[in-house]
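For reference, the structure is listed below as structure tokens.
The values are calculated or read from the model by the stated rules, or taken from the named source; none is laboratory data. Every value quoted in this text rests on a predicted model; they were computed, and no experiment measured them. Here the Cβ is made from the backbone with ideal geometry for all residues, glycine too, and neighbour counts use every protein chain on show.
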Amino acid sequence: MAVRTSLRREAGLLQVVMYGVGNIIGAGIYVLIGGAAGLAGSEIWLAFLIGAVVALFTGLSYAELASMYPKAASEYIYLGRAYGSRILSFSTEWIMLITEIVAAATVSLGFAEYFQNVLVFSPLLIAAGLLIVLTIVAILGIKDSLRINTILSFVAIAGLFIVIIAGIPRLGSVDYAYSPNGMDGVVAASILVFFAYIGFDNMSNLSEETKRPERTIPRGLLIAVFVTTAVYLLVGLAAVSLVPWQDLAASSAPLALAASIAFGPVAYAVLTVAALLTTFNTALVLLITGSRIVYGMAKERALPRALGKVSRKTGAPYAASIAILFIALAALSLGNIDIIAKVTSFGSLLTFALVNLALLRLRRAAPHVKRPFRTPLSLGWVSIPALLGLVSCLALLTQFGWVSAALGMLLPISGLAVYLLMKHAGLSSIDRRLLEREIKE
């Protein structure tokens, strides 16, 4: 019996948009807004706006590249086409893979902490059980996974809209230009809240399961970024209007606290449940994305081809999903969400800088490649948004503390080590002739 190695195209525009929203609006906004308020004060909305601008510039680059190369393991494909370097493309995709897995494990622990309010049990066992259940859901097929994701994404948005509605009567009640740490605090907060925007890049990994991906993925990506940006700005303004920024910074459930000011303890309970379900959804989409990265890299022969096996019944990459599960279970020993958020943001910004640079290079080196979506505002072959995206990513990278930066640099270094070990062991069968042929396509 032949082994299936291709995915099923079952996702339309709505599913892609909600997958993107589910990726972007996750546990981060419910947890990190307190820490961001402590840095930026009532000017937290500006921190969200800075994060949105960086996300939008880079999102436009992803949109054009996804229309050119609609495949899973997107960063690996883009950098391979642009630079022709196996080591660079592998190390960069490795960054994204590890951040997805570690984030899934961390978010699962966050779910366990919330769940302990319902049932007192070992957080590690709850988190491990959640990862196993979500892996089973992912293996059941993308159609069912996206249906669950769509429902829970609406729940996440609904929870945030409770905060927005509660804050509308109090808009204008505080000085939105006040930051206790000045512009330095706003920039520091933007680094923290940028974690809440990470996820738009994952949408391109759904390309091989999307109908007309060369058009659907770019449209869905931009819609998801605009929707989440609007929601985040409104949530930031509403939260500091309802609760002093000092209280938000001190709270372990800042948005639930904000909603309870207007609607009482019932709202606190509702927001807690919304945060719980949002965390569940975040872990699901992280596992789905991680498995698609592994599948795509196996298909490109950068990882053992056995990891590219797909279920004939459900069309899901079951081998990659199981591999991701075991690594995520091992990663449960990691915990602190602030550190994880900063390291993830560092790795993502480094990757985004390379992706923006890849688009600029491909504009000049591969003008013949069909582009159903082309980033607006160009000066000759230079994409202005890609150039601004590159500069803004590099600018934010300079603002990290040395600990976060050092931990972030371990990601590409570990990717290089894995690549060399696999090459030495003969586990990666990609060769230069294959890569050169792909670059010419």
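Listed here are the residues, each with its yes/no results for (1) surrounded by fewer than 23 Cβ atoms within 10 Å (Cβ to Cβ); (2) in contact (Cβ under 8 Å) with a residue 24 or more places away in the chain; (3) closer than 29 Å to Val294 by Cα; (4) of a type in the set (A, V, I, L, M).
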position: Val174; (1), (2), (3), (4): yes, yes, no, yes
position: Asn202; (1), (2), (3), (4): no, yes, yes, no
position: Leu206; (1), (2), (3), (4): no, yes, yes, yes
position: Thr210; (1), (2), (3), (4): no, yes, yes, no
position: Thr216; (1), (2), (3), (4): no, yes, yes, no
position: Arg219; (1), (2), (3), (4): yes, yes, yes, no
position: Thr228; (1), (2), (3), (4): no, yes, yes, no
position: Ala238; (1), (2), (3), (4): no, yes, no, yes
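Counting only residues that are among the hydrophobic types (A, V, I, L, M, F, W, C) and buried (at least 19 other Cβ atoms within 10 Å of the Cβ), which one in the stretch 370-387 is farthest from Val53 (Cα to Cα)?
Phe373
Condition (residue is under 12 Å from Ile162 (Cα atoms), modelled with pLDDT of 85 or more and of a type outside the set (D, E, K, R)) applied to the stretch 273-291: is it met by at least one residue?
Yes: the stretch 273-291 contains one or more residues that are under 12 Å from Ile162 (Cα atoms), modelled with pLDDT of 85 or more and of a type outside the set (D, E, K, R).
Check the stretch 401-424 and report whether any residue there is within 21 Å of Met203 (Cβ to Cβ) and modelled with pLDDT under 80.
no
Identify, by number, the condition in (1) part of a helix (DSSP H, G or I); (2) buried (at least 24 other Cβ atoms within 10 Å of the Cβ); (3) touching a residue at least 60 places away in the same chain (Cβ under 8 Å); (4) not aromatic (Phe, Trp, Tyr) that Ile261 doesn't meet.
Here Ile261 meets the rest and fails (2).
Here's a check for you: in the stretch 346-369, which residue that is among the small types (Gly, Ala, Ser) and surrounded by fewer than 22 Cβ atoms within 10 Å (Cβ to Cβ) is modelled with the highest pLDDT? If you could, list the steps in order and put the result at the bottom.
Let us first name the residues in the stretch 346-369 that are among the small types (Gly, Ala, Ser), namely 347-348, 353, 358, 365-366.
From the residues that got through so far, the ones that are surrounded by fewer than 22 Cβ atoms within 10 Å (Cβ to Cβ) too are 353, 365-366.
Working: Ala353: 92, Ala365: 84, Ala366: 83.
For the stretch 346-369, the residue satisfying everything is Ala353.
Please count how many residues of the stretch 201-254 are small (Gly, Ala, Ser), assigned to a helix (DSSP H, G or I) and either in contact with a Cys (Cβ under 6 Å, 6 or more places away or on another chain) or within 23 Å of Leu171 (Cα to Cα) (or both).
7
Looking for something crowded, with 24+ Cβ neighbours inside 10 Å, part of a helix (DSSP H, G or I), modelled with pLDDT of 85 or more and at negative phi - is there at least one such residue anywhere in the stretch 325-345?
Yes, the stretch 325-345 contains a residue that is crowded, with 24+ Cβ neighbours inside 10 Å, part of a helix (DSSP H, G or I), modelled with pLDDT of 85 or more and at negative phi.
For the stretch 389-411, give me the residue count where each residue is touching a residue at least 40 places away in the same chain (Cβ under 8 Å), assigned to a helix (DSSP H, G or I) and surrounded by 19 or more Cβ atoms within 10 Å (Cβ to Cβ).
Matching residues across the stretch 389-411 total 7.
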